[in-house]
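*Asks:* Mind having a look at this structure? Questions to follow.
The values are calculated or read from the model by the stated rules, or taken from the named source; none is laboratory data. Computed from a predicted model, the values in this text were never measured in an experiment. Backbone-built Cβ (ideal geometry, glycine too); neighbour counts: all protein chains shown.
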Amino acid sequence: MNGLKTTFLLTGLTLLLILAGDFFGGQSGALIAFVMAAAMNFFSYFFSDKIALAMSGARPASREELPRIYEAVERLTAKARIPMPKIFVIPSNSPNAFATGRNPSHASVAVTEGILGVLNDEELEGVLAHELGHVRNRDILTSSIAATLAGAITMIARMAFWAGIFGGGRRDRDDEGGGAAGLIMMILAPFAAMLIQLWVSRTREYAADASAAELTGNPQGLARALEKISGVSQQIPLEASPSTAHMFIIAPLLSGESFASLFSTHPPVRQRIQRLIGRPSVYGA
């Protein structure tokens, strides 16, 4: 299933760029766009994880720097029978984490500095098991490519907006609707990017939560971690790109049961906790 999603995303990126190329430059523009799409597909497959890590400001972390992380990940990967991922740290006081990579043999797990001070060992193990659940479920590639595709859609929308204003686009020269067309693309393209992220991410979070509970045998640990991270994240927001927000265990600034959570790439935290322990909060109403 994740292989089909990856194929869909790469095909969608190709078609999107070709249509944009045709819009701006006709047949020659479409050909140039096709070449660009082939290059982007190559880089999306092999380097989307590095792009996501760079966008989040993550840097490699040594065992001496993060002994708790290394010990927990080594223990969990042995249980899950997957290779040890590379470990990264994000310089932020907001607690969060994500996994990326094209397969379990080329995976990376990134945690923020803030998560170490917020969670105890059981809770931290639950978070890391969740991220390794993404690795074992092989949805990290789809998530990484979705981040690249969402960024590409937003970039194309901005190009269309400015080209429309200044008379760009082959069709715009025929009918003077360039500004309106560009404005429509500027509005609709980010919405399309959001839909892609919703389609990729929402159900996979439940699956990773279930994998973490199975791997640790302790759903309470992850449930407590989710509730703590959600609460602290609202007080100390994580600065993250909208293109990569769907990759984190808690979507930056979109956790909780507010109107915004309807458009979040993650299910509401209370619903995730409900599935883990049978009630919507570890600490009561």
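*Asks:* Somewhere in the stretch 260-283, is a residue assigned to a helix (DSSP H, G or I), at pLDDT below 65, under 24 Å from Val109 (Cβ atoms) and not charged (D, E, K, R)?
*Replies:* Checked against the condition, which is being assigned to a helix (DSSP H, G or I), at pLDDT below 65, under 24 Å from Val109 (Cβ atoms) and not charged (D, E, K, R), the stretch 260-283 yields no hits at all.
*Asks:* Among the residues of the stretch 117-133 satisfying the criterion of being out of contact with any helix residue (DSSP H, G or I) (no Cβ under 7 Å at 6 or more places or on another chain) and more than 17 Å from Leu53 (Cβ to Cβ), which is surrounded by the fewest Cβ atoms within 10 Å (Cβ to Cβ)?
*Replies:* Filtering first and then ranking leaves Gly117.
*Asks:* Would it be correct to say that Ile69 is buried (at least 19 other Cβ atoms within 10 Å of the Cβ), touching a helix residue (DSSP H, G or I) at 6+ places or on another chain (Cβ under 6 Å) and closer than 22 Å to Val232 by Cβ?
*Replies:* So Ile69 does not fit the description; no.
*Asks:* Then there's this: State the number of residues belonging to the stretch 57-89 that are among the small types (Gly, Ala, Ser), assigned to a loop (DSSP other than H, G, I, E, B) and farther than 24 Å from Ala240 by Cα.
*Replies:* Number satisfying all stated conditions: 0.
*Asks:* Evaluate the following for Phe47: is it exposed (fewer than 14 other Cβ atoms within 10 Å of the Cβ), of a type in the set (Phe, Trp, Tyr) and over 13 Å from the mean Cα position of the chain (by Cα)?
*Replies:* Values: exposed (fewer than 14 other Cβ atoms within 10 Å of the Cβ): no; of a type in the set (Phe, Trp, Tyr): yes; over 13 Å from the mean Cα position of the chain (by Cα): yes.
No: the conditions fail for Phe47.
*Asks:* Here's a follow-up. Got at least one residue in the stretch 139-148 being modelled with pLDDT of 85 or more and polar (S, T, N, Q)?
*Replies:* No: the stretch 139-148 contains no residue that is modelled with pLDDT of 85 or more and polar (S, T, N, Q).
*Asks:* Follow-up question, since we're still on this one. Can you name the condition, by its number, that Val127 falls short on among (1) outside any helix (DSSP H, G or I); (2) closer than 21 Å to Gly217 by Cα; (3) not aromatic (Phe, Trp, Tyr)?
*Replies:* Tallying (1) outside any helix (DSSP H, G or I); (2) closer than 21 Å to Gly217 by Cα; (3) not aromatic (Phe, Trp, Tyr), Val127 fails exactly one: (1).
*Asks:* Now, a different point. Please go through the stretch 1-50 and pick out each residue that is among the β-branched types (Val, Ile, Thr) and either in contact with a Lys or Arg (Cβ under 6 Å, 6 or more places away or on another chain) or at pLDDT 70 or above (or both). Spell out the reasoning first.
*Replies:* From the stretch 1-50, those among the β-branched types (Val, Ile, Thr) are 6-7, 11, 14, 18, 32, 35; that's our starting set.
The answer is Thr11, Thr14, Ile18, Ile32, Val35.
*Asks:* Anything in the stretch 89-116 that is closer than 16 Å to Ile51 by Cβ, buried (at least 24 other Cβ atoms within 10 Å of the Cβ) and of a type outside the set (A, V, I, L, M)? List them, or say none.
*Replies:* Within the stretch 89-116, Phe98, Thr100, Gly101 qualify.
*Asks:* In the stretch 198-220, is there at least one residue being crowded, with 20+ Cβ neighbours inside 10 Å, at pLDDT below 75 and assigned to a helix (DSSP H, G or I)?
*Replies:* Within the stretch 198-220 (the criterion being crowded, with 20+ Cβ neighbours inside 10 Å, at pLDDT below 75 and assigned to a helix (DSSP H, G or I)), the answer is yes, since at least one residue qualifies.
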